[in-house]
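The values are calculated or read from the model by the stated rules, or taken from the named source; none is laboratory data. From a predicted model like this one, the values you see are computed outputs, not experimental measurements. A quick note on method: Cβ atoms are made from the backbone with ideal geometry, for glycine too, and the neighbour counts reach across all protein chains shown.
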Amino acid sequence: MPSPSPMEILQMKVDAIKDVLQGKKPTEKKGFITRAMADDFNRLLEEAKKAEPQMAEHLPVPIKIGENGWGAIVVQQVDYIHFESMINRLIGTIRLFNKN
């Protein structure tokens, strides 16, 4: 059996996130995503760019993570609905480029 391509591995990782999000109850989707989720999403975007550089311009923008003036880590506030739409856009883009 041939090894999966980088795009297939990426698709599996993004599908796993989508499955977790779909399994959450609406009450669990209140508020904003965690820093760990933002880090994972940004890492997936970087993997996508490496796997298929032409895909880069079609990907969602990374979630901003930085420091405030006092040295504390600050994560852009992204609610679950918006995060799900970002994941769906990433999945759609991967599928489009994985067909070729």
Does residue 55 satisfy the condition of being in contact with a Ser or Thr (Cβ under 7 Å, 6 or more places away or on another chain) and either modelled with pLDDT of 90 or more or among the polar types (S, T, N, Q) (or both)? yes
Please find, within segment 49-91, the residue that is surrounded by the most Cβ atoms within 10 Å (Cβ to Cβ) out of those that are touching a residue at least 60 places away in the same chain (Cβ under 8 Å) and under 19 Å from residue 7 (Cα atoms). 90
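Just to verify a result, which residue in segment 1-26, among those that are polar (S, T, N, Q) and in a helix (DSSP H, G or I), is surrounded by the fewest Cβ atoms within 10 Å (Cβ to Cβ)?
At the first step, the residues of segment 1-26 found to be polar (S, T, N, Q) are 3, 5, 11, 22.
From what is left, the residues that are in a helix (DSSP H, G or I) are 11, 22.
Details: 11: 19, 22: 9.
Looking at residues that are polar (S, T, N, Q) and in a helix (DSSP H, G or I), I get 22.
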